[in-house]
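Read-outs throughout are calculated quantities, based only on the coordinates presented, and are distinct from any laboratory measurement. Small disclaimer: the values here were computed from a predicted structure and weren't measured. Here the Cβ positions follow ideal geometry from the backbone for every residue, glycine too, while neighbour counts run over all protein chains shown.
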Amino acid sequence: MIYGIYFSPTGSTKVVVEYLAEADKLIDITNENIKIEFCKDDVVYVGVPSFGGRVPGLALERMNEIVGNNARAVLISAYGNRASEDTLIELSDFLKNKGFTILCGIEAVCRHSIFTEVAKDRPDLKDFLDYDYFKKKIESLLLKEYKEPIIPGNRPYKMSKPAKLIPLTNSFCNDCGLCVKKCPTKAIDSNNFHKIDENLCISCMRCIHICPSHAKHIEEKTFKMLEEKLMPFFAERKNNNFYC
């Protein structure tokens with residue numbers, strides 16, 4: 001069987017995994033843990049967003065009880081046009097420890113989760129043409145004698161220092177409760193949608209992206225400061241990369 005597993009708070013990683021895998025079964029781990037044992041004939045596409053050049057810790061927690069049994073894994077890091085850095089190598093190490101055979105790795109550029117004007121239309125037509133090329137490469141690898149791929153990244157992994165951006169709620173909030181239902185960490189108070197537990201929030205921006213009344217947002221001064229600091233890193237269109 002072909003499986004697609006994705007941790008995708010804002011939806012971009014899901015799009016990439018769905019298109020590349022064309023899976024018999026898709027598994028969304030954004031809001032729940034999974035416990036599944038694969039077999040050696042399975043091909044498992046595993047997609048995560050790159051959070052500051054690392055795999056989100058919560059994504060790894062969600063997969064802690066999976067068993068690979070030498071199933072072949074296609075690694076996917078979705079990143080917001082800055083850099084994927086150590087995301088793929090960390091995901092590779094994790095899955096190898098779970099008993100997977102790593103087939104290849106993909107870095108896919110998607111709309112940035114915080115600065116949504118960055119790569120806002122990606123994946124676009126050119127990206128999907130890249131994905132079609134990657135699919136053919138994967139088909140070819142499945143027919144060849146196995147050779148361990150060279151996955152980019154460093155050990156030890158870069159120090160994880162993600163910006164702690166806690167969404168605020170404005171007067172547009174109509175108390176629909178969607179943010180509470182969809183928050184991956186249950187960080188939003190079900191009795192007061194304006195209250196977010198800073199210790200639980202992972203700044204995934206899901207509540208901002210899904211709010212139908214556009215009530216969730218990042219404090220403007222903080223947003224502008226980060227935007228000014230980071231925008232030079234986003235200026236150039238970055239490429240999708242395939243590693244085998």
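For the reader, a short list of remarks on this structure follows.
- Relative to the current alpha-carbon distance between Glu227 and Glu22, full extension at 0.36 nm per residue lengthens the span by 70.2 nm.
- Shape box of region 16-104 [Cα atoms, principal axes, largest first, Å]: 35, 25, 25
- In this structure, the pairs whose alpha-carbon distance is over 32 Å, taken from Lys98/Lys161; Lys135/Lys221; Lys158/Lys221; Lys120/Lys186; Lys25/Lys195, are Lys135/Lys221; Lys25/Lys195.
- Helix-only [θ]222 nm of the chain, DSSP H runs n ≥ 4, -39500 (n - 2.57) each, per residue, nearest 500: -8000 deg cm²/dmol
- Which of Ile2, Ile196 has the fewest Cβ neighbours within 10 Å, and the rest in rising order: Ile2, Ile196
- Nearby aspartates and glutamates by direct alpha-carbon distance to Lys182 (threshold 17 angstrom, same-chain neighbours under 8 apart not counted): Asp28, Glu32, Asp197, Glu198
- When the convex hull of its Cα atoms is projected in every direction, mean area for region 2-157 (nm²): 8.4 nm²
- Between region 1-40 and region 110-167, the Cα center-to-center distance that results, in Å: 15 Å
- Using a simple spin-label model with pseudo-atoms 7 Å out from Cα toward Cβ, Glu236 and Lys136 lie 2.7 nm apart.
- Taking trypsin sites (Lys or Arg not before Pro) across region 195-244, the ones in a DSSP loop with at most 12 further Cβ atoms lying within 10 angstrom of their Cβ are Lys195, Arg237.
- Only Cα sites of region 168-227 enter the Debye sum here, all with the same form factor; the resulting log10 I(q)/I(0) across q = 0.21 1/Å is -0.79, listed in q order.
- Karplus (6.51, -1.76, 1.60) ³J(HN,Hα), θ = phi - 60°, over region 164-179, in Hz, Gly and Pro reported as x: 8, 10, 9, x, 9, 10, 9, 6, 6, 4, 10, 6, 6, x, 4, 4
- The charge dipole of the chain, taken about the Cα centre with unit charges on the Cβ atoms of Lys, Arg (+1) and Asp, Glu (-1), comes to about 300 debye, rounded to the nearest 20.
- Average projection area in nm² (convex hull over Cα atoms of region 131-201, one quarter of hull surface): 9.2 nm²
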